[in-house]
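Reading through the structure tokens given below for one structure.
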Amino acid sequence: MNYYSLNNKHHQASYQEAVIQGLAPDRGLYFPSQTTPLPQSFFDSIESLSNEEIAFEVIQQFVGTEIPELELKQIIAETLCFDFPCVPVEDNVYSLELYHGPTMAFKDVGARFMSRCLAYFNKDKEQNNTVLVATSGDTGGAVASGFLGVKGVQVVILYPSGKVSDIQERQLTTLGQNITALEVDGVFDDCQDMVKKAFLDDTLVHKNLTSANSINIARWLPQMFYFFFAYKQLKKYNKPLIVSCPSGNFGNICAGILAKKLGLPIAHFVASTNINDTVPQFLQNGKYEPKPSIATISNAMDVGNPSNFVRIQEMYHNDLNEFKKDFSSYTFTDAETKFALQNIHVNTGYIAEPHGAVGYLGLKKELQNQSNSMGVFLETAHPIKFLDIVEPTLNIKLPIPSQIKSVLDKDKVRIKIKSYEDLKNYLIN
């Protein structure tokens, strides 16, 4: 399988090259040069397959022969070592819980898969890679956990000061070893801009920089798995399936659309956003106009210029009318999000968190237009990670899971930076 740059289709790279580089030399995102739909027999028998078997069939064509079959199956087994349950919330409404992994966030899948691919590619090499990643919430913890102790890889995580939850911060600042956290005086977009600038900096070439954000294909592509797992569980109801993704950098929903291109029978996608509404505005007026991000209680979605949206545009050939057939996007305020948290809990007993609540709101809005369908919203992180929002909003006390207890008593270790020059100096020295 080859990948091309979305800035220049003539630039081609292998899977290994695309994983190690993160971005193409022209700073375009990599995209698969071809996708082959899966056979109908795969979908006919999907209920009889394990999650590992499903994942192998889904990802194999994108990896090709660059990782042997046995090694790829082992990577998948180590990646998918937890459950992905669809939990009934209301009639025809399900929560797909993606938070049962080691850091209790959906990004555990992509981070674990990518780290193991990179470890395989590095196993016979002397040089080190520096994984540079910006986080608005859960990416940092998942990447820190996934790459902890991986040979030949140093991880540097940038996060915005005061704009991630205490537990999220602890998950990326307490591990040590090959993980370093940089606390940035700014917002997520500032962190992301610094990372992109570092990739453009010729004086840092010797650091062998790569990204572990969802711009990296090894972080992004495994996110397709969730949608196949949801379909496997809900196929028996024989209803059109709508999937609502709480969306920030648009990696999850982008992976879902690629899953549909492989033949997965999803009727419609909803990109549910907080008040960072670049994409909902695009669907209304046809103009893609990035803007500075605004802080909200669903902080992992506080993105004003979502990197992966260009991949979605590529899949629909930049045709807005084609786009709208498969895709809707709605925006919600913090007040609406809190009301949804309360409403879900009072009426059903289910405890959501702010990002899942935004996904729920978008799903309910779309189901008004497609009442004969059933829907899934993605719960992307455990409510405990947002206890400062969830507990007072619902007037409850959340039990602390074992994955979280392990970081609560550790000291946070981070380096504060204010500018790109600070980042560059750290990387050089």
Search result, residues across region 189-198 that are touching a Leu at 6+ places or on another chain (Cβ under 9 Å), buried (at least 20 other Cβ atoms within 10 Å of the Cβ) and touching a residue at least 60 places away in the same chain (Cβ under 8 Å): Q192, M194, V195, A198
Pick from region 86-127, criterion among the polar types (S, T, N, Q) and closer than 27 Å to T210 by Cα, ranking: surrounded by the most Cβ atoms within 10 Å (Cβ to Cβ): T103
Complete set of residues in region 55-80 that are closer than 20 Å to K232 by Cα and open to solvent by less than 50 Å² (accessible area, probe 1.4 Å): A55, F56, V58, I59, I76, A77, T79, L80
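Residue-wise test of (1) part of a loop (DSSP other than H, G, I, E, B); (2) charged (D, E, K, R); (3) surrounded by 13 or more Cβ atoms within 10 Å (Cβ to Cβ).
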| site | (1), (2), (3) |
| --- | --- |
| K385 | no, yes, yes |
| D388 | no, yes, no |
| T393 | no, no, yes |
| K405 | no, yes, no |
| K416 | no, yes, no |
| N425 | no, no, no |
Residue that is surrounded by the most Cβ atoms within 10 Å (Cβ to Cβ), among those in region 18-54 that are without any contact (Cβ under 8 Å) to a residue 12 or more places away in the chain and charged (D, E, K, R): E53
Checking N285 against (1) open to solvent by 10 Å² or more (accessible area, probe 1.4 Å); (2) under 25 Å from S211 (Cα atoms); (3) at pLDDT below 95; (4) of a type outside the set (A, V, I, L, M, F, W, C), the condition it does not meet: (2)
Unique residue being touching a residue at least 60 places away in the same chain (Cβ under 8 Å), touching a Gly at 6+ places or on another chain (Cβ under 7 Å), hydrophobic (A, V, I, L, M, F, W, C) and open to solvent by 10 Å² or more (accessible area, probe 1.4 Å) when the list is A267, A300, A295: A300
Pairs with Cβ under 7 Å, 6+ apart, first in region 160-187 and on the phi > 0 side of the Ramachandran plot, second open to solvent by 10 Å² or more (accessible area, probe 1.4 Å): G176/V413; Q177/L148; Q177/G149
Restricting region 207-258 to residues that are charged (D, E, K, R) and at pLDDT below 95, the residue that is nearest to A18 (Cα to Cα): R219
Pairs where the first residue, in region 308-330, is touching a residue at least 40 places away in the same chain (Cβ under 8 Å) and under 13 Å from L283 (Cα atoms) and the second is among the basic types (K, R) and not in a strand (DSSP E or B), C-beta under 6 Å, 6+ apart: Y330/K365
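The values are calculated or read from the model by the stated rules, or taken from the named source; none is laboratory data. Note that the coordinates shown come from a computational prediction; the quantities given were computed from them, not determined experimentally. Glycine gets a Cβ as well: all are built from the backbone with ideal geometry, and neighbour counts include every protein chain shown. We work out accessible area using only protein heavy atoms, side chains counted, and drop any ligands, DNA or RNA first. Shrake-Rupley method; radii C 1.70, N 1.55, O 1.52, S 1.80 Å.
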